[in-house]
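First comes the structure, then the notes that go with it.
What follows draws every value from the coordinates through simple rules; no lab data is involved. As the structure is a computational prediction, the values presented were derived from the model and not from experiment. Cβ atoms come from the backbone with ideal geometry, glycine included; neighbour counts cover every protein chain shown.
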Amino acid sequence: MAQHHLHSKEARNFAPFVLRMSENEAENLLAEIRWGSPSMQVCPWCGVMRKHYRKHKRRRWCCADCNRDFSVTSHSLLHGHKLSFKQLVLAALMFANKVKGSTLLLMSRDLGITPKTCQVLAGKIRESFLKNIDLAPLDGIVHMDGGYFCGKPRKPNCRIKMPADAIAKRFGRKKIQNTAKPWIEAGMTRENWERRADKRTVISICSSAGRGNGSARTMAFVCRSENAADVKRIAEKFITPGSIVMTDEGGAYGALSGLWEHYWVPHAERFSTPEGVSNNMAETFNSRLRRGEYGAFHGFRPKYLQDYAAEFAWRETNRKLSQRDQVLTILRGLLTQGKSEWWRGYWQGHHRKEELGLDYFLNRLT
């Protein structure tokens, strides 16, 4: 049996170096990632690349052309941070190591910083995943599936549903289906019934990396429901025509027959057909996202569900990279974007007003 990639030495080849790292080494690493050189800097104000004047005590540079100060994190997603450079590298290491999601309180205890700081930092990492995602269409064998997240009612103390005639007698009505209080018929409280409005579907598409190698690249999109219109829009934009698409027997996927070679597996009977038709790669992604929802985060909210879906799509796509490459990829995403759009000033009330989903990515393609 082949060794699992997390048992290999590449899965632990960066942690010892980070733990022994000094503050100067951490700053040089970030400079190397951002500018390609620890000795040459690019001024974020005027764009001039050269060896600028160093201010050692403040760990900043003064631009030799425009005379403005800047640091290695200026005008990036980490702009205005209060953490040390080593803490930033350690945070990226911890984020990469938690394959089911990095919890804020664990990161807070390990780094010695507040949970509020951890929440903003994790949000900026997910923002980098969203803005750096590769939207090139998938080809070859593509697995597609949808999973429902958010909007789950709490389990009641007594799960006993009143018979229809008993409800009619209690409320003096014959047509129970038209009652103004449908949550009573469903055996729920009103709060539980209203939680269902937050339910969303995450539709994932995964391209195959070859037999036995799992998925090569994964994308995930938040939709209101698993419907034929959204499935077709996803396939038209993100799956190459002529590819082989495998799904389950859901009616929403009937729209795929035409431009794509479509096969489906009846999940009511089996997980895969004798001919090898399955959507196990997409099911694997859904399972990992659900384990993050239940085991790490204890629930998602629609407003930030797309952020978490992008995080787990990144984890699925880059799961076999070495520990060092994963950490450097996270840091590169943080340092090569501009100032944060959604998390800068979060605790001062500057929140994102809308939830993101499929339309966010479609608008980026236009």
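How would you rank 149, 285, going from fewest to most other Cβ atoms within 10 Å of each one's own Cβ?
Least crowded to most crowded, the residues run 149, 285.
Measure nothing fancy, just the Cα-based angle from helix 115-132's long axis to the longest principal axis of the chain, in degrees from 0 to 90, nearest 10.
Once rounded, one gets 80 degrees.
Can you give the alpha-carbon Rg of region 13-102 over 2.2 N^0.38 Å, where N counts its residues?
The value comes to 1.17.
Please compute the modelled spin-label separation between residue 296 and residue 277, points set 7 Å along Cα→Cβ, answer in nm with one decimal.
3.4
Would you mind ranking 131, 124, 181 so that the residue whose beta carbon has the fewest other beta carbons within 10 Å leads the list?
On the way: 131 15, 124 24, 181 11.
Ranked by crowding around the Cβ, least crowded first: 181, 131, 124.
How long are the three semi-axes of the equivalent ellipsoid for the chain, computed from the Cα gyration tensor as the root of 5 times each eigenvalue, in whole Å, largest first?
Whole-Å semi-axes of the equivalent ellipsoid: 43, 27, 20.
How large is the helix-only mean residue ellipticity at 222 nm for the chain, computed as the sum of -39500 (n - 2.57) over DSSP H runs with n ≥ 4, divided by its residue count, in deg cm²/dmol to the nearest 500?
So the calculated ellipticity at 222 nm is -11000 deg cm²/dmol.
Calculate the spin-label point distance for residue 194 paired with residue 54, positioning each point 7 Å from the Cα along the beta-carbon direction, and give it in nanometres.
With each label placed 7 Å out from Cα toward Cβ, I get 6.0 nm.
Would you mind estimating how fast region 1-154 diffuses translationally, via Stokes-Einstein at 25 °C and 0.890 mPa s with the Kirkwood radius over Cα pairs, in µm²/s?
Result for D is 132 µm²/s.
Compute the long axis of helix 280-291 from its Cα atoms, compare it with the longest principal axis of the Cα atoms of the chain, and write down the angle in degrees, 0 to 90, nearest 10.
80
Mind listing which GluC sites (Glu not before Pro) in region 241-339 are in a DSSP loop and have 11 or fewer other Cβ atoms within 10 Å?
Answer by residue number: 269, 275.
At 0.36 nm per residue, and after removing the present C-alpha to C-alpha distance, how many nm does the segment from residue 336 to residue 181 gain when stretched out fully?
Contour length minus Cα-Cα distance gives 50.6 nm.
Given that compact globular proteins tend to follow 2.2 N^0.38 Å, what is the ratio of the alpha-carbon Rg of region 270-366 to that value?
Expressed relative to 2.2 N^0.38 Å, the Cα Rg reads 1.35.
Restricting to DSSP loop positions (anything but H, G, I, E, B) with no more than 12 other Cβ atoms inside 10 Å of their own Cβ, which trypsin sites (Lys or Arg not before Pro) remain in region 280-366?
Values: sites: 288, 290, 291, 303, 315, 319, 320, 324, 332, 339, 344, 352, 353, 364; in loops: 319, 320, 339, 344, 352, 353.
Those satisfying the criteria are 353.
In this model, which of 9/55; 100/152; 131/353; 131/199 are farther than 28 Å apart at the alpha-carbon? Can you show the working numbers first?
Details: 9/55 39 Å; 100/152 20 Å; 131/353 18 Å; 131/199 24 Å.
In this structure, 9/55 exceed 28 Å between Cα atoms.
Which net charge results for the neighbourhood of residue 117, defined as the other residues with beta-carbon distances under 14 angstrom from its beta-carbon, given Lys and Arg at +1 and Asp and Glu at -1?
Within the 14 Å Cβ shell, the charges total +4.
Considering only the chain, what is the antiparallel percent among its DSSP beta bridges, to the nearest 5? Intermediate values should be presented prior to the final figure.
Values: 23 of 33 bridges.
So the antiparallel bridges amount to about 70 percent of the total.
Measure nothing but the geometry: give the 0 to 90° angle between the long axis through the Cα atoms of 302-317 and the longest principal axis through the Cα atoms of the chain, rounded to 10°.
Around 70 degrees separate the two axes.
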